[in-house]
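Since the structure comes first, as structure tokens, the remarks are kept for the end.
The values are calculated or read from the model by the stated rules, or taken from the named source; none is laboratory data. Since this is a predicted model, take the numbers as computed values, not measurements. Cβ coordinates were reconstructed from backbone atoms using ideal geometry, including for glycine residues, and neighbour counts include every protein chain displayed.
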Amino acid sequence: MKVIFQLIIKRIGLSIITLLIVSAVVFFIANLLPGDAAQEMLGQSATPEAVAELREAYGLNDPPMLRYAKWLGGLLSGDAGTSLANARPVSELISSRLSQSLMLAGFTALLAVPFAMVLGIVAAMYSGSRIDKAMNIFTLSMVAVPEFLLATIFVLIFAVELNWLPSLSYIPADAGVYDYFRAFAMPVATLCIVLSAQMARMTRAAVLEQLSQPYVEMALLKGSPLSRAVLRHALPNAVGPIVNAVALSLSYLLGGVVIVEVIFNYPGVASLMVDAVTNRDMPLLQACAMLFCTGYLILVLIADISAIVANPKLRTGG
Amino acid sequence: MTAHVSVEKLRVEAGPQGQERTIVHDVSFSLERGEVLALIGESGSGKTTIALSLLGYARPGCRISGGAVHVGEDNMAAMNAAQLAGVRGRKVAYVAQSAAAAFNPSRRIMEQVIESALMHGVMSRSQAESKAIELFKQLSLPSPQTIGRRYPHEVSGGQLQRLMAAMALICEPELIIFDEPTTALDVTTQVDVLKAFKDVVKAYNTTAVYVSHDLAVVAQIADQILVLQNGRMMENNPTPTILNHAEHAYTRQLLSAVQDSDSYKDNEPGEVVIDIANIDAGYGKISRDGKPEIPILSDISMRVRRGQTVGIIGESGSGKSTFARVIAGLLPAANGSMLLNNKELTPAIVDRSKAECQQIQMVFQNADTALNPAHKVGDILGRPLTFFHGLKGAARKQRVAELLELVKLPTDLADRKCGALSGGQKQRINLARALAAEPSVILCDEVTSALDTVVAAAILELLGELQAKLNIAIVFISHDISTVKSLCDEIMVLYKGKTVQYTSGKQFASGPYEPYTELLLNSVPTLDPTWLDSRQSRA
């Protein structure tokens, strides 16, 4: 047990250091973007004096190191700063959108994970058969198709041609279950397909690896049916690699969310971030970027820890 | 009385449809209830395939394509998956070669031992558990009440092998298949496990099929022996007939490989190549008195002369491979001194000069993993030539051809990829790679353990010839006492990282022995069928 704790604490420490490095990279890259918020807000016809005054007010003239230190200090004390575009606190802007994004990601994960598990396990059980080959073709082609293409095709078919679903994902205030379904169908389907294709492939590989182990043959020779040998013997040993694969795939979901939110004009954090880029709203952009990075790091951390915990030799301290 | 188990014209094919090869050709035999049959042969002889067909099972890619396998009333070759699942584990049980791999690492031992009893519904959980504990006692396992609560990695290899026998016996099957159940064990452990198997089989009047490549082991336990080669039956006779009046030439060849020869080597000693004194080595921090935190070797001294072979014998965990790594500098010694050609040799390989590295070459146990299967033989042998001797182009090609000739391989092999070679050929390439550096000493770590007896004998012969021709020193590490005895001028016995005995080969042939050496020597089974029983009475 002691070994596990040491390993996990080490991983957490490494994640914190990574996050610190990321914050520096995010800050300085955001500051490399051409143009500035003062100019953007006042428009083309603003006088140089007005722009200079605004820059002074927002502290944009301070040296970059000082601004970075101020920003980091603010983040650590829970204050992500004020949006330059509409003068509201960044945390307020994000929190109103975060639940929306989490809902989208949550629905996707809820559907994609079990779907991918079943697909992967069945393909592994009947590896080499027609089911397996069909799944291989499906997942390989889906991994190869980018989300924006898939999303656009969905819009073309279901919104433009068939006119079944709205092309914009909008949830009215008094939405019922049906409204939710209409709003979520296409974004969730797009994310699900790309995500579960990846997860199914990794699950299949993890289960197949275990199925080739002598103890599975032994279980069969003890009179256990194939399904039992897979579910009771192979699967528990494949859990580590599978959770690892799931966590890594979900971290990939964060990137997918950005594209899908923009295409369907879904009111989440990702579209907020894209708006922040157009408005040169640096505090908002930086906060969003940090949020995504933290989410990514947490998922990778879960993947790492699951790989450590799944090793029975470490778990029992033997 | 009708036969309990009868196999008629069994035929097994392997490979994809349309291009099958037959791997078992029309094998027939029959057994009375309570009899033990041994299937003996080298790897690829089809012995495990035949044994598995008694469970109605063929490994992925193989198919039972003809014949009948009767166990009692049932024809295992003609049953469907559901029928087979009902019979396996209940009526016919299997004991696999490597218990360490055949136990599920993530579930407790007891769960796995009683699993088939619960699956077949022959008894309740509490009945099954008390039955298992009774079996643990019969198989003389330590703390039978609690051992089931452990995980497989928490017990030793010999214990795990006996636990697997308990797993097979839980439903009191009519037939047990033992698939090389002691091959992965040390000799001293093997004796106890064999004893336990023999007693239990007798106590339950179980019919058994015992698969092995070791005639001496089989002689202790089998009533009948079936000799196989390339999937064909060579000979099937009662054990005494096979041992004393073998009909087939191949059987006699196998017998002669086991027979203990009293020969020993005694070469003219040349000058000392490697002189090792009072080495300590291990892992972890090194304390002030020069001992590592986790010591593996302590106070080992050895001297190897030109043209001489020093053998190191020990069981797994004795530190014999670690010693080779210490000499090679892969694991730097914590203290002690090493002299190479009378010059001080630094412990770590990173601090050694190119010339020093060139003088000491290592031949690893498993040529399959030591050679990159995607590389051509010519490149594998050519790299040390360029690295140590700066050979390029035609000169390098010429030298590669010479090396291949030296290890008695055709020179056109240079253009072939390693993955396409046989096990024996790979081991020769492995040896040639070490020789390419023109070393003064080579370290051979269990170089024959992964090979069949006949192939291994050829490699050992080659090693002897090369030594005479090139006048090199060899450190030969093995767990096989008879090989070491016949090959080495000096022999060192290691136990738990300490030297138990270090004598000349001549003296080792006659004795006297230290108690542990004695135990090792007495644990090697002989062809005398009463050997195991006589050890039983002594114990």
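When the range A:143-174 is examined, which residues are found to be among the small types (Gly, Ala, Ser) and more than 25 Å from the chain's Cα centre (by Cα)?
Selection gives A:159, A:173.
Among the residues of the range B:12-31, are any acidic (Asp, Glu), buried (at least 16 other Cβ atoms within 10 Å of the Cβ) and touching a Gly at 6+ places or on another chain (Cβ under 8 Å)? Before you say what the answer is, go through the steps one by one.
Looking only at the range B:12-31, we keep the residues that are acidic (Asp, Glu), and these are B:13, B:20, B:26.
When the remaining residues are screened for being buried (at least 16 other Cβ atoms within 10 Å of the Cβ), the result is B:13.
Still in the list and also touching a Gly at 6+ places or on another chain (Cβ under 8 Å): none.
No.
Can you tell me which residues in the range B:410-428 are modelled with pLDDT under 85, of a type outside the set (A, V, I, L, M, F, W, C) and part of a helix (DSSP H, G or I)?
Result: B:419, B:423, B:424.
Being within 26 Å of the chain's Cα centre (by Cα), more than 14 Å from chain B (Cβ to nearest Cβ) and modelled with pLDDT of 85 or more narrows it down to one residue among A:177, A:188, A:257; which is it? Spell out how you get there, then give the answer.
Values: A:177 fails: modelled with pLDDT of 85 or more; A:257 fails: modelled with pLDDT of 85 or more.
None of the other options fit; the residue is A:188.
Residue B:131 versus (1) more than 11 Å from every other protein chain (Cβ to nearest Cβ); (2) part of a loop (DSSP other than H, G, I, E, B): which is the lone unmet condition?
Only one criterion is unmet by residue B:131, namely (2).
So which pairs qualify, if the first residue must be in the range B:145-163 and within 14 Å of chain A (Cβ to nearest Cβ) and more than 24 Å from residue B:127 (Cβ to Cβ), the second must be among the charged types (D, E, K, R) and surrounded by fewer than 21 Cβ atoms within 10 Å (Cβ to Cβ), the Cβ gap must be under 6 Å, and the two must be at least 6 apart or on different chains?
From the range B:145-163, the pairs are B:153/A:313.
Suppose we keep only residues that are touching a Lys or Arg at 6+ places or on another chain (Cβ under 8 Å) and assigned to a loop (DSSP other than H, G, I, E, B) within the range A:245-287. Which one would you say is surrounded by the fewest Cβ atoms within 10 Å (Cβ to Cβ)?
If we take residues in the range A:245-287 being touching a Lys or Arg at 6+ places or on another chain (Cβ under 8 Å) and assigned to a loop (DSSP other than H, G, I, E, B), then A:267 is surrounded by the fewest Cβ atoms within 10 Å (Cβ to Cβ).
Okay, residues lined up against (1) closer than 20 Å to residue B:456 by Cβ; (2) at pLDDT 90 or above:
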{"residue": "B:185", "(1), (2)": "yes, no"}
{"residue": "B:195", "(1), (2)": "no, no"}
{"residue": "B:204", "(1), (2)": "no, no"}
{"residue": "B:209", "(1), (2)": "no, yes"}
{"residue": "B:224", "(1), (2)": "no, yes"}
{"residue": "B:231", "(1), (2)": "no, no"}
{"residue": "B:245", "(1), (2)": "no, no"}
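Do we find that residue B:390 is without any contact (Cβ under 8 Å) to a residue 40 or more places away in the chain, among the small types (Gly, Ala, Ser) and surrounded by fewer than 20 Cβ atoms within 10 Å (Cβ to Cβ) in this structure? First the steps, then the outcome.
On the way: without any contact (Cβ under 8 Å) to a residue 40 or more places away in the chain: yes; among the small types (Gly, Ala, Ser): yes; surrounded by fewer than 20 Cβ atoms within 10 Å (Cβ to Cβ): yes.
Judged against the criteria, residue B:390 is a match.
Taking residue A:18 as meeting all but one of (1) polar (S, T, N, Q); (2) in contact with a helix residue (DSSP H, G or I) (Cβ under 8 Å, 6 or more places away or on another chain); (3) at pLDDT below 85, write down the number of the exception.
The failed condition is (3).
So how many residues does the range A:213-239 have that are over 17 Å from residue B:86 (Cα atoms), in a helix (DSSP H, G or I) and within 7 Å of another protein chain (Cβ to nearest Cβ)?
5
Please go through the range B:172-183 and pick out each residue that is surrounded by 23 or more Cβ atoms within 10 Å (Cβ to Cβ), modelled with pLDDT of 85 or more and not aliphatic (A, V, I, L, M).
B:173, B:178, B:181
What are the residue pairs meeting all of these: first residue in the range B:235-251, first residue under 14 Å from residue B:29 (Cα atoms), second residue in a helix (DSSP H, G or I) and hydrophobic (A, V, I, L, M, F, W, C), Cβ atoms under 8 Å, and 6 or more apart or on different chains?
B:235/B:242
Which condition from (1) away from chain B (no Cβ under 14 Å); (2) closer than 30 Å to residue B:179 by Cβ; (3) not small (Gly, Ala, Ser) is the one that residue A:262 breaks?
Unmet for residue A:262, out of (1) away from chain B (no Cβ under 14 Å); (2) closer than 30 Å to residue B:179 by Cβ; (3) not small (Gly, Ala, Ser): (2).
Restricting to the range B:84-128, count the residues that are in a helix (DSSP H, G or I) and either crowded, with 19+ Cβ neighbours inside 10 Å or at the interface with another protein chain (Cβ under 10 Å from one of its Cβ atoms) (or both). Full working, then the answer.
Our first condition is that a residue be in a helix (DSSP H, G or I); within the range B:84-128, this holds for B:84-87, B:99-102, B:109-113, B:115-119, B:125-128.
This time we only want the ones that are either crowded, with 19+ Cβ neighbours inside 10 Å or at the interface with another protein chain (Cβ under 10 Å from one of its Cβ atoms) (or both), so: B:84-87, B:99-102, B:109-113, B:115-117, B:119, B:128.
Result for the range B:84-128: 18.
So, residue B:78, is that one more than 9 Å from chain A (Cβ to nearest Cβ) and over 29 Å from the mean Cα position of the chain (by Cα) or not?
Criteria met by residue B:78.
Filter the range B:469-503 down to the residues that are assigned to a strand (DSSP E or B) and either touching a Cys at 6+ places or on another chain (Cβ under 9 Å) or charged (D, E, K, R) (or both) and list them by number.
B:474, B:475, B:476, B:477, B:478, B:490, B:498
Return the only residue of B:116, B:140 being at positive phi and in contact (Cβ under 8 Å) with a residue 24 or more places away in the chain. Give the steps one after another, and end with the answer.
Details: B:116 fails: at positive phi.
Exactly one of B:116, B:140 is at positive phi and in contact (Cβ under 8 Å) with a residue 24 or more places away in the chain, namely B:140.
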